[in-house]
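So the structure is just underneath, and the comments pick up after that.
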Amino acid sequence: MRIRKVVALGATLSLAAVLSACSSGSSSAGGSQTVNWWTWDDKQAAAYKVCATDFEKANPGTTVKISQYAVDDYFTKLTAGFVAGNAPDAFQNSVQFFQAYATQHQLLAMDDFIAKDKFDMSRFSVGVDAWKFTDGKQYALPLDWAAAALYYDQDALTKAGYTKEKLDSLKWNPDDGGDFGKLIAHLTIDEKGHRGDEKGFDKAHVKTFGFGQIAAKDFIGQTTWSPFVSSTGWRLGDKQSWPTVFNYGDPRFIKTMKWVRSLTDKGFAPKIGEFTSSVSDVDLLSSHKVALEMGGSWEASTFAKIPGIKAGIAAPPYGPDGTTRAVMSNSNGNNIWAGTKNPDLAWKWVSYMGSEACQSKASLTGTFFPSIPASMDASAKALSAQGVDLTVFTDMLKNKVLYPSPVYGNGAAVQDAMNPIFEAYFAGQKDDSVFTGMQEQSKTLLAKN
């Protein structure tokens, strides 16, 4: 799942501080053992309780304690736990913090456990390499995967004269938006009923925007502009793992950002601040304030259950060459804390979470996508019976539309530096020249540990 807001690290860590502290991550008394696991995702916290029950039955005397904290507090609490010596035995982590935690020796390498148990890493469809550090060691098992897709109001699409088949065939380019840009204009309707491509359209009084909040404040744009610019062949970093620069100065990127801003200038998409931050993608579609938007895979089951609206799911449009789709896919990881008192038990729990038996049960809610293909198929089948079609996402996986999100260092600092600049650009406060400076700034930030 995407982290919508990531907080900066709240404390400076040192290995000496951790070693001098007394760990309370796991406990044992009278033969009983407890393994603590943390997550920021309330849905995964609930889902993995099923696995915890099975794990406890298979391991008498063992208790799995699952704790969930809001993402705004999660990483601050985790960091404080490292310093105090009472961090959880294992925890869900984002690649944004991988480099920092690994450099500070807070993560336990899993290679010896993997070799001892002959644990088959090929079972995972995505995310394995994302959790290999610069020392070549494996520090996490993939926990899930996520991607972006188009969600739309089927009634609005039909009234605009489009079918799902037509939507699936549309092409986009950064110059004028191509066929897809024409669709966005036609889906936009002002308060008097004029469409965005019709005479008399009033961009100052829009009732329904053709596209959602694509002018993102974040520096990755996973569920906004990333699928568009990625279809041109552009990638965020100069290399997949541990990039030295973010390619914001690339002409393909700059042209795409100009196109994104043109949508808000024309009234076809909402400007930053048009809606409060508490309004979700699902809220916007259900209120008819937007007809089409990019959203995360983790939202699929929620979109499908909007009362009174039949929401469809489609892949992002083809790129300028008419044949390329490219969607970034991230994978959260399951780490073991280096300070755990019981690394063997922590590994036993984490490796069970990385089994088909566990993931197939936990993912039946469809609120997250499991990393194991067989479990993903089980999830898709279960959701299909509930009227939720995940074919778009399973096809992305099978047709190699997905590419892995980059693994980079100094994530919190990069976010703090870049997000305000993106926000200022899309608010019209900065021009295109800002991107060259952002690219140079990224070199400095990525070079720091």
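When restricted to residues that are farther than 21 Å from residue 406 by Cα, surrounded by fewer than 24 Cβ atoms within 10 Å (Cβ to Cβ) and hydrophobic (A, V, I, L, M, F, W, C), the range 83-109 contains 3. Taking the criterion of being of a type outside the set (Gly, Ala, Ser) and within 24 Å of residue 364 (Cβ to Cβ), the residues of the range 274-308 that qualify are 281, 282, 298, 299, 302, 303, 305, 306, 307.
Answer with yes or no whether residue 65 is of a type in the set (Lys, Arg) and free of Cβ contacts under 8 Å to residues at least 60 places away in the same chain. Spelling it out, residue 65 is indeed of a type in the set (Lys, Arg) and free of Cβ contacts under 8 Å to residues at least 60 places away in the same chain. Taken over the range 399-449, residues that are of a type in the set (D, E, K, R) and either touching a helix residue (DSSP H, G or I) at 6+ places or on another chain (Cβ under 8 Å) or outside any helix (DSSP H, G or I) (or both) amount to 5. Annotation for the range 131-145: at least one member residue is surrounded by 23 or more Cβ atoms within 10 Å (Cβ to Cβ) and assigned to a helix (DSSP H, G or I).
Within the range 111-143, the residues that satisfy the criterion of being among the aromatic types (Phe, Trp, Tyr) and either at pLDDT below 95 or under 19 Å from the mean Cα position of the chain (by Cα) (or both) are 124, 131, 133. Does residue 348 satisfy the condition of being of a type outside the set (S, T, N, Q), surrounded by fewer than 17 Cβ atoms within 10 Å (Cβ to Cβ) and either over 20 Å from residue 215 (Cα atoms) or in contact with a Phe, Trp or Tyr (Cβ under 9 Å, 6 or more places away or on another chain) (or both)? It is false that residue 348 is of a type outside the set (S, T, N, Q), surrounded by fewer than 17 Cβ atoms within 10 Å (Cβ to Cβ) and either over 20 Å from residue 215 (Cα atoms) or in contact with a Phe, Trp or Tyr (Cβ under 9 Å, 6 or more places away or on another chain) (or both). Within the bounds of the range 424-435, is there any residue that is over 16 Å from the mean Cα position of the chain (by Cα), touching a residue at least 12 places away in the same chain (Cβ under 8 Å) and under 21 Å from residue 93 (Cα atoms)? No, every residue in the range 424-435 fails to be over 16 Å from the mean Cα position of the chain (by Cα), touching a residue at least 12 places away in the same chain (Cβ under 8 Å) and under 21 Å from residue 93 (Cα atoms). State whether the residues of the range 236-251 include one that is among the basic types (Lys, Arg) and touching an Asp or Glu at 6+ places or on another chain (Cβ under 9 Å). No: the range 236-251 contains no residue that is among the basic types (Lys, Arg) and touching an Asp or Glu at 6+ places or on another chain (Cβ under 9 Å).
Can you tell me which residue is nearest to the chain's Cα centre (by Cα) among those in the range 400-414 that are modelled with pLDDT of 90 or more and surrounded by 18 or more Cβ atoms within 10 Å (Cβ to Cβ)? Only one residue tops the list, namely 402.
The set of residues in the range 211-229 that are touching a Gly at 6+ places or on another chain (Cβ under 8 Å) and more than 14 Å from residue 261 (Cα to Cα) comprises 222, 223.
In the range 223-238, the residue that is surrounded by the fewest Cβ atoms within 10 Å (Cβ to Cβ) out of those that are without any contact (Cβ under 8 Å) to a residue 40 or more places away in the chain and more than 16 Å from residue 426 (Cα to Cα) is 238. When residue 424 is tested against the conditions (1) surrounded by fewer than 22 Cβ atoms within 10 Å (Cβ to Cβ); (2) in contact with a Gly (Cβ under 7 Å, 6 or more places away or on another chain); (3) not hydroxyl-bearing (Ser, Thr, Tyr), the lone failure is (2). For the range 31-57, the candidate set comprises residues that are over 31 Å from the mean Cα position of the chain (by Cα) and in contact (Cβ under 8 Å) with a residue 24 or more places away in the chain; within that set, the residue that is surrounded by the fewest Cβ atoms within 10 Å (Cβ to Cβ) is 31.
Residue count for the range 303-328 satisfying the condition of being in a helix (DSSP H, G or I) and either surrounded by fewer than 21 Cβ atoms within 10 Å (Cβ to Cβ) or small (Gly, Ala, Ser) (or both): 1. Within the range 364-376, the residues that satisfy the criterion of being surrounded by 15 or more Cβ atoms within 10 Å (Cβ to Cβ) and either part of a helix (DSSP H, G or I) or among the acidic types (Asp, Glu) (or both) are 364, 365, 373, 375, 376.
Evaluated against (1) assigned to a loop (DSSP other than H, G, I, E, B); (2) of a type in the set (Phe, Trp, Tyr); (3) in contact with a Leu (Cβ under 6 Å, 6 or more places away or on another chain), residue 82 falls short on exactly one condition, (1).
The residue of the range 76-100 that is nearest to residue 141 (Cα to Cα), among those that are modelled with pLDDT under 95 and aromatic (Phe, Trp, Tyr), is 98.
Starting from the range 329-344, keep only residues that are more than 14 Å from residue 35 (Cα to Cα), then list their pairs with residues that are among the small types (Gly, Ala, Ser) and in a strand (DSSP E or B) whose Cβ atoms are within a distance under 9 Å, requiring at least 6 positions of separation or different chains. Matching pairs, first to second residue: 329/146; 329/148; 330/146; 331/146; 332/146. Considering only residues in the range 245-292 that are modelled with pLDDT of 95 or more and of a type in the set (Val, Ile, Thr), the one that is nearest to residue 200 (Cα to Cα) turns out to be 264.
The values are calculated or read from the model by the stated rules, or taken from the named source; none is laboratory data. On a predicted model such as this, the values are computed, not experimentally measured, just so you know. Positions of Cβ are generated from backbone atoms using ideal geometry, with glycine treated the same way; all protein chains shown enter the neighbour counts.
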